Amino acid sequence: MESVLVLSWKAIGNVPAAVKELRARDLRPVLVSNLPDDPNARLCDEHVVFDWDGEEFSALTAQIDERGITPTAVVSMIEKLIEWHIALAAHYGVPGGDAGRTALASKTLVRERMRSLGLSDIRFSGDPRSVDFFPAIVKPARESAASYLVKRVEDRAELLAHLKHLEESGAGGLELIAEEYLPGTEFSVDGPVVDGRYHPLLAVEKADHDDAKHHDAGLSFHPPQHSHVRAGVRDLCEAINTLCADRGLDQIWLHIEGRSTPDGRTELIEINPRPGGHHTGIPTAIRELYGIDVIAANVSMALGEYAPQGLGPLREQPIIGNVEMEAEELGTVQVVTTEAELLALPGVIDVRVSDGYRVTSLSQENFFFSLTMTADSVEQLREQAARVLDSFEYRVKP
């Protein structure tokens, strides 16, 4: 049976779903992760333990080879591991090892490439201490899951205070990028890249985005309703299409985030080579609109077999909304309301509840509940969401 490497860090990376898809194809999943007691190890045939931050590439391939594993594919849906994914795929001669993907390895590299192609004029710096534009967003350049350590700073004093805080909390060694803050409406777009062309499938307007914490919040929906957001989606997708063609990207899924202002300026916020997060309802929405399983698509891409059919333009109907709830205090979330009770409410097509979710840090998004709904209008979505939230009971136990 052919083996496929499934990469994970801190037990994230859609491992259970990827393993399920691999087994459906009669493939043998081999987990590669940094946790000796990784909870997903029991789902896989083998587990290679590797310190992504402290060991060399040769040590990883030595472990794999000593076990007699000859990978036929590498599956990874984690930004932090992009370069490891590329290196492993190139080393074993499987899909995903093309050099063009290295441009996606950090937010700084993406910014530099976008600027060189004339696709962006946003101010940015890979050395936050040199920043002379405010307000600015400071964030990790290679780790972006759950808005980890994303911080808006209003002036140089606040910038230096934030950098000092990072050092004192043990995060001083992180590679950072500082970017010009662009006001406006945030949105995301998901879709596959095949033969250098980006195929956007889902565009989500983040109408209630928390611009103070820079976290997703409240209601978001597809398709965008405001004209400047719809125009921004078109403009950004054209820019990403140019980037994909320039880098020769193929067989890769992109989740992009952008901002658009009412006066017509649109900029990329970040680009991630994996599907949008499960908590946002993106996989559910894409399945509802197109019948596409995003995990199955990503496994097909890892195998170099993805051949989209009939994708066409973004679909306008139905209107699909997502609402999420974030824990605001440290502790363990205890959910009282059941998923069955929520799914019985009008318009609800999917619910994700993380009963027992542990909040250990408030420097990232801590979503433990979200639901996906369909409706005829955004107003109807809001009414449905209000009914759900009114009936939802939980507490956070210290």
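For the chain, what is the calculated [θ] at 222 nm in deg cm²/dmol (nearest 500), taking -39500 (n - 2.57) for each run of four or more DSSP H residues and dividing by its residue count? Intermediate results must be reported in sequence, preceding the final value.
Numbers: 10 runs with 112 residues, N = 398.
So the calculated ellipticity at 222 nm is -8500 deg cm²/dmol.
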TODO: Would you please classify the overall shape of the stretch 123-180 from the alpha carbon gyration tensor, given that a ≥ b ≥ c denote the square roots of the eigenvalues, rounded means a/c under 1.5, and beyond that prolate means a/b larger than b/c while oblate covers the rest?
DONE: oblate
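Order these peptides, 202-208, 225-231, by their mean beta-carbon neighbour count within 10 angstrom, highest first.
Descending packing order for the listed peptides: 202-208, 225-231.
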TODO: Quick one: order 198, 148 from most to least accessible surface, probe 1.4 Å.
DONE: 148, 198
- [ ] Under 15 Å from the Cβ of residue 360, count the other residues' Cβ atoms, weight Lys and Arg +1, Asp and Glu -1, and hand me the total.
- [x] -1
Open item on the list: Probe radius 1.4 Å, ligands and nucleic acids ignored: give me the carbon and sulfur share of the accessible area of the chain as a rounded percent.
Closed with: 48 percent
Task: Peptides 254-262, 384-392, 336-344 ordered by average Cβ neighbours within 10 Å, highest first - done: 254-262, 384-392, 336-344
Task: Spin-label model distance (nm) - residue 393 vs residue 156, 7 Å beyond Cα toward Cβ - done: 5.5 nm
TODO: Please go through the stretch 89-143 and write out the chymotrypsin sites (Phe, Trp or Tyr not before Pro) that DSSP classes as loop and that have at most 13 other C-beta atoms within 10 Å.
DONE: 133
- [ ] State the number of lysine pairs found in the chain whose Cα atoms come within less than 26 Å, restricting to pairs 8 or more positions apart or on distinct chains.
- [x] 29
Open item on the list: So with the 1.4 Å probe, I'd like the accessible area per residue for the stretch 318-397, rounded to whole Å².
Closed with: 48 Å²
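Provide the per residue accessible area, probe 1.4 Å, for the stretch 37-117, rounded to a whole number of square angstrom. Could you put the intermediate results ahead of the total?
Values: 3520 Å² over 81 residues.
With the other protein chains kept in place, the stretch 37-117 gives 43 Å² per residue.
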TODO: Under 12 Å from the Cβ of residue 255, count the other residues' Cβ atoms, weight Lys and Arg +1, Asp and Glu -1, and hand me the total.
DONE: -3
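Rounded, prolate or oblate, given the Cα gyration tensor of the stretch 3-97, with a/c below 1.5 counting as rounded?
Details: a/c = 1.32, a/b = 1.12, b/c = 1.18.
Taking the square roots of the gyration eigenvalues as a ≥ b ≥ c, the stretch 3-97 is rounded.
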TODO: Under 12 Å from the Cβ of residue 381, count the other residues' Cβ atoms, weight Lys and Arg +1, Asp and Glu -1, and hand me the total.
DONE: -3
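The values are calculated or read from the model by the stated rules, or taken from the named source; none is laboratory data. All of these numbers come straight from a predicted model, not from anything done at the bench. Cβ coordinates were reconstructed from backbone atoms using ideal geometry, including for glycine residues, and neighbour counts include every protein chain displayed. For accessibility, only protein heavy atoms count, side chains too; no ligands or nucleic acids. Shrake-Rupley method; radii C 1.70, N 1.55, O 1.52, S 1.80 Å.
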